[in-house]
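Some notes on the structure that comes next.
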Amino acid sequence: MTEIDLTKLQTELQQRFGFATFRPGQAALLQALLAGRDALGILPTGSGKSLLYQFMSPHLDGPILVVSPLIALMADQASRIRRQNLGKVAVINSQLAPDERQQLLRQLGDYRFIFMAPETLQQPVVQAQLRQLGLGLLVIDEAHCISSWGPDFRPSYLRLGQLRQQLRPRLTLALTATANTRVRQDILTNLRLSPETFVYQASVDRPNIYLRLQNVPDDQTKWQQTQQLVAEQVPTLIYVATRREAEEVALRLNQAQPGTAAFYHAGLATIERNQIQQLFLKDQLRVVVATSAFGMGIDKSNLRLVIHYQLPANFESYLQEIGRAGRDGLQALAVIFVQPNDQQRLSQRLQTNQLTPGLVQRFFDQPQDPVGLNPGQQTVLQAYQQAGMPAEQVIAILQKTAQLRWRQWENFWAYLTSQSCLRQQLCAYFDPDPPQIQHDELCCSEAPAPRLSALLQQLKLAQVVPAKTAPSDQIRDPFVILTRLF
Amino acid sequence: MQATILLVTFADQPRRYKAIFYLLQGKQTISNLFAGQEYDLLNQFHLYPNLKWSDYQASLRELAQAGLVTLDSKQALVTLTAAGQTAREQLLARDFWPRAYDYWRMGAALTQWTRLLLAVQVVSNLDHQIKHYQPLTESINVQGHVKRWLRRWGRQGSQGLARELGQAFNALPPRTALIIANSFWSDYDPGVSAGSLAQALGLTAAELPLAQIDCLGQLLTFVHGHAAAYPVLAQLLPVPASPLNASAGWTYQQVLSGKSWTKLTHDSRLKASTLKEHLLQAAILCPDFALTAPAIQQLLTLDPDGYFSQRIQELTALGQFQTTAQSSQQGGVTHD
């Protein structure tokens with residue numbers, strides 16, 4: 001890129017988005033797209049991936065189609081585009097009533113941004129409509145879902161390469177936060193991107209996030225230390241494994257200090273989820289206790305503390321989830337609790353979720369009678385079936401991914417029980433060319449040294465950004481509410 | 001879902017759990033409607049439109065493991081145990097079950113609730129000059145409804161909404177007003193989280209939405225009972241004129257007009273079996289069903305042992321027609 005080009009882009013960035021400078025990778029990826037090249041961006045969480053296609057909007061002839069795996073993610077990104085008034089947005093997903101969906105499809109030409117799940121895109125009527133529009137840009141968000149070597153493999157992503165060729169978008173942009181070399185190659189191959197595709201891969205290192213392993217002997221100690229962390233009075237996100245635990249932990253925190261916390265999981269209605277996001281973003285709710293459903297695409301820049309109350313599913317999820325902290329670039333802390341029985345518990349979980357060849361074959365023989373399968377497993381097998389794969393191929397893929405899951409889990413457990421620099425290990429696992437980390441007192445540590453209280457004193461999280469949290473999380477008199485609202 | 005909530009739909013006598021599942025989900029077949037009538041769950045039709053069979057099954061298993069129900073999987077029956085009956089009573093004492101809401105009189109609860117909350121968000125944002133924001137629902141139907149409502153009322157509507165809500169809160173029980181008002185939020189005032197509200201009310205997160213539906217039912221009953229004094233709310237939250245859908249409404253209207261069964265089948269393009277289904281729907285859902293209308297009497301006489309006659313006999317045994325000797329003028333208006 002020439003100096004002039006960069007200056008022009010920065011001026012546009014300033015005028016349209018109010019940012020003075022690009023984050024690493026953004027300018028390079030935009031330059032490639034503006035030059036007519038397809039691109040793959042592997043950028044850490046919080047590095048502004050969605051800005052890329054938002055920025056491209058006025059530079060394109062046709063609309064932008066964003067394929068996204070999660071309803072919550074689509075809704076959140078759509079919401080941000082609406083708030084910034086960047087163009088009309090359509091979100092087409094399974095939550096729409098059939099008539100609403102038809103209406104949207106009929107009027108698709110009116111929209112600048114179209115969000116869709118990969119399953120929706122596979123419907124011929126949708127494809128026909130999109131072909132007519134002539135897409136300016138096809139964005140494949142969370143592109144690592146296309147790789148069976150990735151932890152979030154989605155069979156419905158497999159057909160995206162073929163669909164891309166049928167839709168013939170002028171440009172394609174694949175985006176992900178986590179991709180090792182193998183996954184990166186899978187993305188390029190499965191999306192049928194040309195060798196000229198521009199690839200930008202940033203390091204996963206986030207020096208402003210202090211990494212802390214907190215080994216605890218039992219639940220009681222974990223709870224006490226969680227309270228100690230929450231007492232820091234900074235915006236906090238606590239990840240738990242299940243919906244029930246999210247509700248329980250939030251309840252216990254509120255019993256200790258009313259109005260402190262809310263729970264967030266996929267079981268909540270859209271209205272409630274939106275409201276919790278609003279409260280959290282506006283600093284009127286200090287703690288959110290969430291399952292992995294929370295966070296994707298949610299940009300709360302002043303999140304200072306991320307606690308893994310329970311272990312995430314894998315290394316990749318851990319990386320994504322801690323990446324929500326400190327997006328403003330200021331000091332943040334990521335604490336992960338590890339208990340002695342975690343290894344056994346997670347191994348068991350992996351084993352329970354494993355699909356045996358017998359179960360897969362039975363499902364393909366009798367899909368109407370899915371005995372022995374939990375709802376999650378049923379969904380996976382249905383997706384494979386809908387993607388038109390025979391049972392033998394599915395069994396082979398699942399065996400391969402099962403082995404991969406075990407290896408990923410072993411790597412993650414090695415990290416959780418290690419004594420060496422955590423940041424260096426993260427980079428070694430995810431970066432193709434890992435940087436040499438200069439370990440210092442603001443890098444990482446494993447309990448017991450230094451003590452948690454000493455660490456909190458050292459980081460002074462509450463002083464990083466002056467506390468402006470004004471909790472409104474107390475129920476009020478109905479007439480007070482009406483006066484406040486109107 | 002919170003498994004124990006299902007206890008409210010079960011009894012100490014065996015009930016068909018599949019029929020209850022379809023009732024809660026809102027699958028409208030004669031068989032499910034009959035079950036709803038028999039189990040006194042008709043008002044709770046469509047209470048959980050997104051309920052999944054796998055989740056429902058898991059909840060049943062959980063209740064059985066806890067000794068609260070016994071399951072007969074062969075006949076698909078569920079029965080409350082003594083412990084289950086006690087748990088059911090305790091649950092009902094927590095006062096969250098939506099007794100005041102009636103799907104057939106009021107329409108889909110989620111749609112009405114979303115209309116109300118969205119209108120509050122839109123008007124509050126408008127009042128505080130907030131122009132760019134995410135509507136709290138993605139539903140185009142609800143967004144369109146609120147847009148049309150606001151366009152019709154203009155500035156008067158936004159002022160009217162606050163005034164009528166205030167008046168309604170004065171008239172409704174304090175707990176009802178408290179729950180409704182504390183469910184409101186806008187981009188100016190984000191309100192309280194559902195978790196905090198549930199905690200303050202001593203309810204679980206799964207019980208709160210049911211309590212909200214109950215309160216909504218009370219609000220709708222009040223507003224439409226005084227529609228002239230509450231025009232803004234009445235138009236924001238319209239209720240169906242009839243519990244019957246357009247097609248069944250037409251059939252029933254023909255019966256009410258005095259047509260014979262022979263003439264009705266001749267005039268209609270529908271199959272006789274479909275027409276009978278429409279009339280059975282009307283028999284179940286219309287409180288003053290025209291049992292003495294010529295077409296109905298002709299049907300009962302023509303085939304006294306047939307499916308239609310048997311169902312009518314069953315409904316009679318359930319006390320459905322005790323007060324309905326005369327035909328009503330209800331029916332024939334489409335379900336909103």
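Can you tell me the FRET efficiency between B:Lys74 and B:Asp288 if r is taken as the Cβ-Cβ distance and R0 is 60 Å, rounded to the nearest 0.05?
Values: r = 40 Å, r/R0 = 0.67.
After rounding, the FRET efficiency stands at 0.90.
Among B:Ile140, B:Ile213, B:Ile179, whose mean-square fluctuation peaks in a Gaussian network model of chain B (Cα, cutoff 10 Å)?
B:Ile140
Can you give the extra length, in nm with one decimal, that the chain gains between A:Phe479 and A:Gln343 once fully stretched, where that is 0.36 nm per residue apart less the Cα-Cα distance?
Taking 0.36 nm per residue and subtracting the Cα distance, the gain is 43.7 nm.
With θ set to phi - 60° and the Karplus curve 6.51 cos²θ - 1.76 cosθ + 1.60, what are the ³J(HN,Hα) couplings of the stretch B:207-212 in order, to the nearest whole Hz, using x for Gly and Pro?
Computed from phi, the couplings for the stretch B:207-212 are 7, 4, x, 6, 4, 5 Hz.
Provide the packing ranking of B:38-45, B:194-201, i.e. peptides ordered by the mean count of other C-beta atoms within 10 Å per residue, highest first.
On the way: B:38-45: 19.0, B:194-201: 22.5.
Result, highest mean first: B:194-201, B:38-45.
If you average over every viewing direction, what projected area does the convex hull of the Cα atoms of the stretch A:184-317 give, in nm²?
Details: hull surface 42.3 nm².
So the mean shadow area of the Cα hull is 10.6 nm².
Consider just the alpha-carbon atoms of chain B and return their Rg together with their Dmax, both in angstrom.
When restricted to the Cα atoms of chain B, Rg and Dmax are 22.2, 67 Å.
Work out, in µm²/s and without decimals, the Stokes-Einstein translational diffusion coefficient of the stretch B:246-317 at 25 °C, 0.890 mPa s, Rh from Kirkwood over C-alpha pairs.
Values: Rh = 12.0 Å.
The diffusion coefficient I find is 205 µm²/s.
Kindly list the residues of the stretch B:37-70 that lie in the label zone of B:Lys18, defined by a backbone N under 12 Å from the point 7 Å along the Cα-to-C-beta vector.
Flagged as within label range: none.
Determine ³J(HN,Hα), in whole Hz, for all residues of the stretch A:274-282 in sequence, where each value follows from phi through the Karplus function 6.51 cos²θ - 1.76 cosθ + 1.60 and θ = phi - 60°; x replaces Gly and Pro.
These are the phi-based 3J(HN,Hα) values: 4, 5, 5, 4, 4, 4, 5, 5, 8 Hz.
How large, in Å, is the stretch B:17-71 by the Kirkwood hydrodynamic radius built from its alpha-carbon pairs?
Values: mean 1/r = 0.0867 Å⁻¹.
Radius from the Kirkwood sum: 11.5 Å.
Based only on the alpha carbon positions, what is the Kirkwood hydrodynamic radius of the stretch B:1-114, in angstrom? The partial results should precede the final answer.
On the way: mean 1/r = 0.0698 Å⁻¹.
That comes to 14.3 Å for the stretch B:1-114.
Once you average over the residues of B:113-124, how many Cβ atoms of partner chains fall within 10 Å of each Cβ?
Numbers: counts 2, 3, 0, 0, 2, 1, 0, 4, 4, 0, 2, 4.
Partner-chain Cβ atoms within 10 Å, mean over residues of B:113-124: 2.
Could you tell me the relative contact order of chain A? Use alpha-carbon pairs under 8 Å, at least six residues apart, and round to a whole percent. Kindly include the intermediate steps, with their values, before the conclusion.
Details: 740 pairs, mean separation 81.2, N = 486.
For chain A, the relative contact order is 17 percent.
From largest to smallest, what semi-axes in whole angstrom does the stretch A:265-388 give when each is the square root of 5 times an eigenvalue of its alpha carbon gyration tensor? If you can, show how the numbers build up before the last one.
Working: eigenvalues 243, 76, 30 Å².
So the three semi-axes of the stretch A:265-388 are 35, 20, 12 Å.
Across peptide B:135-147, how many C-beta atoms of other chains are within 10 Å of each residue C-beta, on average? Write out the running numbers ahead of the final one.
On the way: counts 4, 8, 5, 14, 5, 10, 5, 2, 1, 2, 0, 0, 0.
Partner Cβ neighbours, averaged per residue: 4.
On C-alpha positions alone, give me the angle between the axis of helix B:246-256 and the longest principal axis of chain B, in degrees, nearest 10.
50 degrees
For chain A, state the semi-axes of the equivalent ellipsoid (square roots of 5 times the eigenvalues of the alpha-carbon gyration tensor), sorted largest first and rounded to whole angstrom. Before the final figure, lay out each step's value.
On the way: eigenvalues 233, 163, 126 Å².
The equivalent ellipsoid of chain A has semi-axes of 34, 29, 25 Å.
Mind checking how much accessible area B and A bury in total, 1.4 Å probe, in Å² rounded to 100? Don't skip to the end; give the middle numbers.
Details: alone 16350 and 22310 Å², together 34610 Å².
About 4000 Å² of accessible surface is lost on pairing.
Once Rh is set to the Kirkwood radius over Cα pairs, what Stokes-Einstein translational diffusion coefficient, in µm²/s, holds for the stretch A:3-201 at a temperature of 4 °C and a viscosity of 1.567 mPa s? If you can, show how the numbers build up before the last one.
On the way: Rh = 17.0 Å.
Using the Kirkwood radius from Cα pairs, D works out to 76 µm²/s.
Just subtract the alpha-carbon distance of A:Asn85 and A:Ala402 from 0.36 nm times their residue separation and send over the number in nm, one decimal. List each step's numbers first, then the result.
Working: separation 317, 0.36 × 317 = 114.12 nm, distance 4.41 nm.
Once the chain is fully extended between A:Asn85 and A:Ala402, it gains 109.7 nm.
In peptide B:173-185, how many Cβ atoms from other protein chains are near each Cβ within 10 Å, on average?
On the way: counts 0, 2, 0, 1, 5, 5, 2, 2, 9, 6, 4, 7, 9.
If you average over the peptide's residues, the count of other-chain Cβ atoms is 4.
If the chain between A:Gln233 and A:Gln419 were fully stretched, how many nm would it gain, using 0.36 nm times the residue separation less the Cα-Cα distance? Could you put the intermediate results ahead of the total?
Details: separation 186, 0.36 × 186 = 66.96 nm, distance 2.96 nm.
Full extension from A:Gln233 to A:Gln419 adds 64.0 nm.
A:Gln331: net charge of surrounding residues, Cβ under 9 Å, Lys/Arg +1, Asp/Glu -1, itself excluded? It would help to have the intermediate numbers written out before the result.
Working: positive: A:Arg304, A:Lys460; negative: none.
Within the 9 Å Cβ shell, the charges total +2.
Going from the alpha-carbon gyration tensor of the stretch B:104-236, what semi-axes, largest first and in whole Å, does one get by taking the root of 5 times each eigenvalue?
Details: eigenvalues 94, 69, 41 Å².
In descending order the semi-axes read 22, 19, 14 Å.
At 1.567 mPa s and 4 °C, plugging the Kirkwood radius over alpha-carbon pairs of the stretch A:336-486 into Stokes-Einstein gives what diffusion coefficient in µm²/s?
Details: Rh = 20.9 Å.
Stokes-Einstein gives a translational diffusion coefficient of 62 µm²/s.
What FRET efficiency comes out for A:Ala266 versus B:Ala317 if R0 is 35 angstrom and r is the Cβ-Cβ distance? Round to the nearest 0.05.
Numbers: r = 45 Å, r/R0 = 1.27.
The value I calculate is 0.20.
Considering only B:Thr274, B:Ile284, B:Ser309, whose Cα is most displaced toward the positive end of the charge dipole of the stretch B:246-317, charges sitting on Cβ of Lys, Arg (+1) and Asp, Glu (-1)?
The listed residue farthest towards the positive side: B:Thr274.
Averaging over every viewing direction, what projected area does the convex hull of the Cα atoms of the protein assembly as shown cover, in nm²? Let's see the in-between values first.
Working: hull surface 149.6 nm².
Reported value for the Cα convex hull: 37.4 nm².
With a Förster radius of 25 Å, plug the Cβ-Cβ distance of A:Asp219 and A:Asp283 into 1/(1 + (r/R0)^6) and report the FRET value to the nearest 0.05.
Numbers: r = 30 Å, r/R0 = 1.20.
Result of the calculation: an efficiency of 0.25.
Could you pull out every one of the lysines with an alpha carbon less than 27 Å from that of B:Lys147, ignoring same-chain neighbours closer than 8 positions?
A:Lys88, A:Lys282, B:Lys131
The values are calculated or read from the model by the stated rules, or taken from the named source; none is laboratory data. These numbers were taken from a predicted model, which means no experiment stands behind them. Note that each Cβ is placed from the backbone with ideal geometry, even for glycine, and that neighbours are counted across all protein chains shown. Just so you know, the surface numbers come from the protein's heavy atoms only, side chains and all, with ligands and any DNA or RNA stripped out. Shrake-Rupley method; radii C 1.70, N 1.55, O 1.52, S 1.80 Å.
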